[in-house]
Amino acid sequence: MGMDEFTSLITDLANNINSNMAFFKSSSITKPNLAYSKLNELSNFVGSRYNVKMEIHFPDSNKIYNTNDYGKENLSIVIDKFRKVFPIPREQIKKEAANLFKNAVVTDGYMYKGKEGVKIVFDDKVRSRIEILPGSVHLWVRIDKDVEKFCNWLMLNVYAGRQLNKK
């Protein structure tokens, strides 16, 4: 896959969400669980084309009503849940994050049982964050151009080498 795999992934997701927007707008109000279920069915479908498991989360359950935000925040991408160490030095990931996100604190995270991780906490009202593990990335933040750029870098440097199912 090319350099912008994450961009392709979220664009693909956005296209799938948009083509079902009428359904989401009506069901989010009347049957939010159905909207949630359909949303994760779509994210699983799109993720499978990139050989990842993608999930959309609603840490604040009221966000289910914000249909225009679907796929733009609170996203998890699982590449290999059994991988415990990064394929590149952790310091390289931290340096890349620190260079890109001037309004964030970049630290080690989840350093236990031989596992490693990196946490980026943004200096905003809700303390948005990105949690990077050797086998997954969790975006508890609105996906803007910088987050997208960083995730493209991660896909290329940390999560590369997967067999892609993209047709």
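A few points about this structure:
- Tally of residues being within 19 Å of the chain's Cα centre (by Cα) and under 21 Å from residue 161 (Cβ atoms) across the range 98-129: 3
- Output for the range 140-155, where each listed residue is over 17 Å from residue 117 (Cα atoms) and either in a helix (DSSP H, G or I) or without any contact (Cβ under 8 Å) to a residue 60 or more places away in the chain (or both): 144, 145, 146, 147, 148, 149, 152
- Filter pass, residue 63 being touching a helix residue (DSSP H, G or I) at 6+ places or on another chain (Cβ under 7 Å), basic (Lys, Arg) and not in a loop (DSSP other than H, G, I, E, B): yes
- Only a single criterion out of (1) exposed (fewer than 15 other Cβ atoms within 10 Å of the Cβ); (2) under 23 Å from residue 11 (Cβ atoms); (3) in contact with a Ser or Thr (Cβ under 8 Å, 6 or more places away or on another chain) is not satisfied by residue 79, namely (1).
- Restricting attention to the range 66-106, the residues being of a type in the set (A, V, I, L, M) and part of a helix (DSSP H, G or I) number 4.
- Residues within the range 85-103 that are over 16 Å from residue 144 (Cα atoms), touching a residue at least 40 places away in the same chain (Cβ under 8 Å) and surrounded by fewer than 17 Cβ atoms within 10 Å (Cβ to Cβ), tallied: 4
- The residues listed here are 136, 128; of these, the one that is hydroxyl-bearing (Ser, Thr, Tyr) and more than 16 Å from residue 77 (Cα to Cα) is 128.
- Extreme residue, surrounded by the most Cβ atoms within 10 Å (Cβ to Cβ), among residues of the range 3-21 that are among the charged types (D, E, K, R) and assigned to a helix (DSSP H, G or I): 5
- Among residues of the range 41-53 that are over 14 Å from residue 10 (Cβ atoms), those with a Cβ under 6 angstrom from a residue that is assigned to a helix (DSSP H, G or I), sequence gap 6+ or separate chain, pair up as 53/47.
- Taking each residue of the range 116-129 that is within 15 Å of residue 151 (Cα to Cα) and without any contact (Cβ under 8 Å) to a residue 40 or more places away in the chain and looking for partners that are aromatic (Phe, Trp, Tyr) and assigned to a strand (DSSP E or B) with beta-carbon atoms closer than 7 Å, six or more apart or interchain, yields 129/122; 129/140.
Coordinate-derived values only; no laboratory data. Keep in mind it's a predicted model, so treat the numbers as computed, not measured. Because the Cβ atoms are built from the backbone with ideal geometry, glycine has one as well, and the counts that use them run over all protein chains shown.
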